[in-house]
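To start, the structure itself, in structure tokens.
Bear in mind that the values in this text are calculations on the coordinates, not laboratory data. If you're wondering where the values come from, they're calculated on a predicted model, not measured in any experiment. Neighbour counts are summed over all protein chains in view; Cβ atoms, including those assigned to glycine, are modelled from backbone coordinates with ideal geometry.
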Amino acid sequence: MDFDLSPKVADLKARLTAFMEEHVYPNEPTYQKQLQDMGYGIEHWENWGAVPIIEELKPKAREAGLWNLFLPESNKGGGMTNLEYAPLCEIMGRAPWSAEIFNCNAPDTGNMETLERYGTEAQKKEWLEPLLKGEIRSCFSMTEPDVASSDARNISLTLTRDGDEYVIDGHKWWTSGSGDDRCKLFIVMGKTDPEGEDPYRQQSMILVPRDTPGLTIKRMIPVFGFSDAPHGHGEIIYDNVRVPVSNMLLGEGRGFEIAQGRLGPGRIHHCMRMIGQAEVALEKMCRRALQRKPFGKLLSDQGVTRQRIADSRAMIDQARLLTLMAADKMDKVGNKEARKEIGMIKVVAPNMAAQVIDWAIQAHGAAGVSSDFGLSYAYARARAIRLADGPDEVHQNQIARLELKQYTNEKV
């Protein structure tokens with residue numbers, strides 16, 4: 001494995017870093033103030049929309065050649081491998097709101113890859129093209145409140161064929177991105193063959209325009225009290241929602257196949273961003289430790305603080321190396337063959353980030369749990385990522401099964 005940056009990636013990394021330093025970091029207060037001024041609380045989610053500073057910076061990102069960097073093996077975007085994209089995604093992850101500036105924000109990245117890989121030419125023209133231009137947003141509707149959705153075989157929303165249409169009935173939640181009024185496309189996973197013999201061929205994915213009758217957004221669900229506006233995590237009712245048969249992705253019974261192709265890159269992107277967040281937390285911890293002097297001694301001279309700083313540095317670098325290894329394997333043998341490495345980093349990176357951020361909060365004392373330093377929000381995100389795209393326990397179970405396969409005849 002060679003983790004040296006190619007000249008192309010080294011140049012992009014330098015330009016992205018310069019852009020972040022000039023345009024993003026100085027505008028952190030502006031972003032927060034604009035959110036407040038727009039009244040972006042959960043109770044006002046119907047009025048959510050674009051944050052002005054993000055829209056102001058998007059043209060600058062395009063002009064700088066920092067647009068759609070995530071999209072691999074395509075002439076529509078960056079055309080980079082997962083390994084090449086990793087250091088860039090980490091840099092964007094340092095400011096949780098910045099990815100949209102470069103059109104590299106979840107869940108749009110996963111949805112665009114899904115459309116690029118599995119969509120028809122008509123579906124690409126209608127949905128992928130405006131997503132790539134940043135004209136609309138999208139969401140992915142999979143998790144359900146009434147079943148254990150960590151086992152996707154439990155999904156109960158139904159997709160019933162009726163002539164030239166599919167009728168969609170069911171209840172979803174944690175549909176991230178649905179709060180934004182620019183979110184025009186819902187990619188919905190449900191069952192076309194609930195009684196099918198193969199539990200992995202019962203599910204399908206279908207494209208649902210936001211304004212389709214019967215699609216109702218009940219509410220946005222806060223995460224540890226944060227609204228995540230204007231992105232949001234919606235609870236959605238699908239009641240006799242009808243869409244054309246042509247909106248089916250890839251074909252009936254292909255939902256699991258699409259999910260595996262979609263979630264692999266999405267999971268590793270989460271991990272890359274978490275490493276960026278952990279780096280910021282460590283920087284804040286170090287600066288705080290060099291400024292505060294409890295009991296006549298700087299925090300940086302306290303043994304426990306030094307141990308936490310040292311452990312943080314080691315943990316971040318370990319997670320980064322594991323992420324790069326997973327990305328490298330994804331590029332060389334595909335997402336399916338790299339599923340153990342993807343699972344490992346999906347467990348390791350959010351846990352690492354949550355621990356490093358927790359230590360940074362502790363170094364800041366009471367200020368750490370306020371919103372003044374951004375650490376409380378970073379901690380909430382890291383903790384939530386331990387559930388997003390599959391909880392730790394599901395990944396750990398798969399890792400163990402794949403490891404045990406070397407020593408048994410178990411069919412995995």
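Taking θ as phi - 60° and the Karplus parameters 6.51, -1.76 and 1.60, the scalar couplings of segment 281-289 work out to 4, 5, 4, 5, 5, 5, 5, 5, 5 Hz in sequence order, x denoting glycine and proline. In the calculated pair-distance distribution of segment 7-132, the portion above 19 angstrom amounts to 52 percent of the Cα-Cα pairs. For segment 107-167, GluC sites (Glu not before Pro) meeting the loop criterion (DSSP other than H, G, I, E, B) and having at most 16 other Cβ atoms within 10 Å: Glu135. Distance between the 7 Å Cα→Cβ label points at Glu195 and Asp4: 6.3 nm.
Kindly express, to the nearest 10 degrees and within the range 0 to 90, the angle between helix 375-385's C-alpha long axis and the longest C-alpha principal axis of the chain. In the chain, helix 375-385 runs at an angle near 40 degrees to the longest axis.
Loop-located chymotrypsin sites (Phe, Trp or Tyr not before Pro) across segment 161-239 with a Cβ neighbour count of 15 or fewer within 10 Å are Tyr200, Phe224, with loop assigned by DSSP. Calculate how steeply helix 28-37 sits against the longest principal axis of the alpha-carbon atoms of the chain, using the helix alpha-carbon long axis, and give the answer as 0 to 90 degrees to the nearest 10. Tilt relative to the chain: about 60 degrees. The stretch between Ala148 and Lys60 holds 27.4 nm of extra length on full extension. This uses 0.36 nm per residue minus the Cα-Cα distance. Extension gain for the segment Glu135 to Asn47, taken as residue separation times 0.36 nm less the Cα-Cα distance, is 29.9 nm to one decimal.
Considering only Ser376, Gly266, Leu290, the residue lying farthest towards the positive end of the dipole of the chain is Leu290, judged by Cα position with unit charges set on Cβ. Each residue in Leu387, Leu298, Leu69 was given a count of other beta-carbon atoms within 10 angstrom of its own, and listing them fewest first yields Leu298, Leu387, Leu69. The simple spin-label model puts a point 7 Å past each Cα toward its Cβ; for Glu393 and Arg287 those points are separated by 3.9 nm. Applying 1/(1 + (r/R0)^6) with R0 = 30 Å to the Cβ-Cβ distance of Lys297 and Thr30 gives a FRET efficiency near 0.20. [x] 22.9, 84; [y] 27.3, 107; [z] 21.6, 78: which one is Rg and Dmax of the Cα atoms in Å as calculated from this entry? Only one option fits the structure, namely [z]. Over 16 Å apart: what share of the alpha carbon pairs of segment 137-253 falls there, rounded to a whole percent? For segment 137-253, the share of Cα pairs beyond 16 Å comes to 57 percent.
Roughly how many debye, to the nearest 20, is the charge dipole of the chain about its Cα centre, given +1 on each Lys and Arg Cβ, -1 on each Asp and Glu Cβ, and no other charges? Present the calculation step by step, with values, prior to reporting the outcome.
Working: 51 positive and 58 negative charges, 261 e Å.
Its charge dipole is roughly 1260 debye.
Among Ser176, Gln318, Pro199, whose Cα lies farthest out toward the positive end of the dipole of the chain, if unit charges sit on the beta carbon of Lys, Arg (+1) and Asp, Glu (-1)? Value: Gln318.
Let me know the shape class of segment 184-251, please: from the alpha-carbon gyration tensor, a ≥ b ≥ c as square roots of the eigenvalues, rounded when a/c is under 1.5, otherwise prolate if a/b is greater than b/c, or oblate. Prolate, because a/c is 1.5 or more and a/b exceeds b/c. Both radii were evaluated on the Cα set of segment 256-404; the Rg over Rh quotient, with Rh as the Kirkwood radius, amounts to 1.06.
Secondary structure note: in the chain, about 80% of the DSSP beta bridges are antiparallel.
Between Thr160 and Gln318, the simple spin-label model (points 7 angstrom out along Cα→Cβ) gives 5.2 nm.
Against the main long axis of the alpha-carbon atoms of the chain, helix 303-333 sits at an angle near 30°.
How big is the charge dipole of segment 7-132 about its Cα centre, in debye rounded to the nearest 20, if each Lys and Arg gets +1 on its Cβ and each Asp and Glu gets -1 on its Cβ? Provide the component values of the computation, followed by the final result.
On the way: 12 positive and 20 negative charges, 71 e Å.
Here segment 7-132 has a charge dipole of around 340 debye.
Neighbour counting of Cβ atoms within 10 Å sorts the residues Phe102, Phe19, fewest neighbours leading, into Phe19, Phe102. Of all beta bridges DSSP finds with both residues in segment 137-253, what is the antiparallel percent, to the nearest 5? Bridges in segment 137-253 are about 80 percent antiparallel. Here's the picture: charge each Lys and Arg Cβ at +1 and each Asp and Glu Cβ at -1 in segment 7-132, and of Ala50, Ala106, Phe19 the one pushed furthest to the positive end of that dipole is Phe19.
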